[in-house]
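Please read the structure below before turning to the comments.
FYI, it's all coordinate maths here, none of it is from the lab. Everything quoted here is computed from the prediction, not taken from an experiment. Note that we place each Cβ from the backbone using ideal geometry, even for glycine, and neighbour counts take in every protein chain shown.
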Amino acid sequence: MKILIKNIKQLVQVEEIPRLKVAGKDMKNLPCINDAWLAIENDKIVGFGKMADWEGISDWTNLTVIDATDKLVLPSWCDSHTHIVYSGSREAEFVDRINGLTYEEIFQRGGGILNSSKKLKDTSEDELVESALLRLNEIMLQGTGAVEIKSGYGLSVESELKMLRVIKKLKTLTPLAIKATFLGAHAIPLEFNERKADYIKLLINELMPAIAAEQLADYCDVFCEQNYFTKEETIEILTAGKKYGMTPKVHAEQLSNSGGTLAGVQLGAISVDHLEFIGDAEIAALKKSETMPTILPGAAFFLGLPFPPARKMIDAGLPLAIASDYNPGSSPSGNMNLMVSIACIQYKMTPEEAINAATINSAYAMGLSKTHGSIAIGKQANVFITKEIPGYSYIPYSFGNTLIESVILNGKVIK
Ligand code: NIG
Ligand code: FE
């Protein structure tokens, strides 16, 4: 199978020499080719260039030709932080928040993550697969080509394993690249109220060996936050996770400055995510690390949180990634086009910075930047073709709209 896309108005995020991530001032640079062609063979990108230099088609066998006149081609979005496997929804809590309760108050009443955990307990593996597949299909049509999915609504040996097995199954049922993250330390289940140390023991001594035995997770994550897990507990859990081959990730500084970033950097986390309450000490620590700071504009928007200091982080020379946090409690949307818009509109990231953050840098945050996140020879053929639009800045400008006409994943046209 071969695909040739020709007459592309703008081929966005092309790399002659592939990079693993982009930081600081370099994030302002989004390499593009105007009036371009792109060639795909089987599931890989095999060539690209300017139409003026195009040598024409010598072999028409199994070739699909797509004319992209007045349209743009971008590498698929990489969404490095989601909780897309869940049961039911939580719009009643959404209304409670409109009426004045905070996210934390709802959790204190046994809602929030515990509410989703209750629902998940009574949902079968097959039902979870089915509902997650609907969401994966939805984000695929919105341009996402790779997604990280967390457990964390199980909060028991049985249910956490159920979630992770669902994620493993999803890998076989969708063309999306999927990475799995163990987030048993998402909240303290009610049965372990006042016995948090015992719950941590269960995570480390019972769950981690079982997860490693079935190879169910690439990453281990902790919600490091007041009323959830402290910095010390985060270090304990992530250290144990590393022994079982799971690279650390952290939910850090979302509701307060709680030490998650420093814990993550100390342990070589691949990413620290949220960062609404990040301070100068964390920025300095990240500067000396290979950890990808990741912002989740959907969650901050939906919960009405203060904005993470995206400008300050980039101006300090840091890289930055954007992900959706798709989940029923704090971001019931996985639309990366919208996330890129919010980052531009509210956080004053330029379109170039935001597109870098949602492609190559978010690919890095899920360990996929060697194969995803840009248009480069040998990379996975995951791209989308836009409708007729003037240029890439129109994507964040046209907020709330999804301007995607066609989606190609692993070299196959799926839309
Ligand atoms: O990333 N902050 C913790 N976890 C999720 C929300 C989970 C939920 O409310 O269901 C987040 O925002
Ligand atoms: Fe999250």
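Suppose R0 equals 22 Å; then what is the FRET efficiency for GLU405 and ASN29 from their Cβ-Cβ distance, rounded to the nearest 0.05?
Values: r = 26 Å, r/R0 = 1.20.
Using R0 = 22 Å, I get an efficiency of 0.25.
Could you check the simple spin-label distance between SER398 and ASN205, using points 7 Å along Cα→Cβ, in nm with one decimal?
Distance between the two pseudo-spin positions: 5.7 nm.
Across all directions of projection, what mean area in square nanometres is found for the Cα convex hull of the range 63-106?
Working: hull surface 29.0 nm².
Taking a quarter of the hull surface, the average projection is 7.2 nm².
Any idea how far apart LEU20 and THR69 come out in nm if each label point goes 7 Å out from Cα toward Cβ?
Output for this residue pair reads 4.4 nm.
What percent of all Cα-Cα pairs in the range 156-291 falls in each 10 Å bin, counting up from 0?
Taking all Cα pairs of the range 156-291, the binned fractions are 13, 42, 34, 12, 0 percent.
What number, in percent, do you get for the relative contact order of the chain if the mean sequence gap of Cα pairs under 8 Å and at least 6 apart is divided by its residue count? All intermediate terms of the calculation are to be shown ahead of the outcome.
On the way: 958 pairs, mean separation 92.3, N = 415.
Answer for the chain is 22 percent.
Inverting the mean 1/r over all pairs of different Cα atoms, compute the Kirkwood radius of the range 78-364 and quote it in Å.
Numbers: mean 1/r = 0.0539 Å⁻¹.
Kirkwood radius, the range 78-364: 18.6 Å.
Only bridges whose two residues both fall in the chain count here: according to DSSP, what percent of them are antiparallel, nearest 5? Numbers along the way, then the final one.
Details: 27 of 61 bridges.
Restricted to the chain, the bridges split so that about 45 percent are antiparallel.
Suppose each label sits 7 Å from its Cα in the direction of the beta carbon; what would the ILE98-VAL413 distance come out to in nanometres?
Inter-label distance under the simple model: 4.2 nm.
What FRET efficiency would be calculated for the residue pair ASN193, GLU214, taking the C-beta separation as r and a Förster radius of 25 Å, to the nearest 0.05?
Details: r = 29 Å, r/R0 = 1.17.
Computed FRET efficiency for ASN193 and GLU214: 0.30.
Return one number: the angle in degrees, 0 to 90 and rounded to the nearest 10, between the long axis of the Cα atoms of helix 125-141 and the longest principal axis of the Cα atoms of the chain.
With both axes taken from Cα atoms, the answer is about 40 degrees.
What is the gain in length, in nm to one decimal, between ILE345 and LEU134 on full extension, counting 0.36 nm per residue of separation less the C-alpha to C-alpha distance?
Details: separation 211, 0.36 × 211 = 75.96 nm, distance 2.91 nm.
Result: 73.1 nm gained on full extension.
Dividing the alpha-carbon Rg of the range 304-415 by 2.2 N^0.38 Å yields what?
On the way: Rg = 14.5 Å, N = 112, 2.2 N^0.38 = 13.2 Å.
The value comes to 1.10.
Using 0.36 nm times the number of residues separating ASP126 and GLU55, minus their current alpha carbon distance, what extension gain do you get?
Working: separation 71, 0.36 × 71 = 25.56 nm, distance 4.98 nm.
Roughly 20.6 nm would be gained on extension.
So, R0 is 35 Å and r is the distance between the beta-carbons of ASN7 and LEU141; what FRET efficiency does that work out to, to 0.05? Could the numbers behind the result be given before it?
Numbers: r = 24 Å, r/R0 = 0.67.
So the FRET efficiency works out to roughly 0.90.
Between MET349, MET51, MET336, find the one with the highest GNM mean-square fluctuation for the chain; connect C-alpha pairs within less than 10 Å.
Comparing MET349, MET51, MET336 in the GNM, the peak value goes to MET51.
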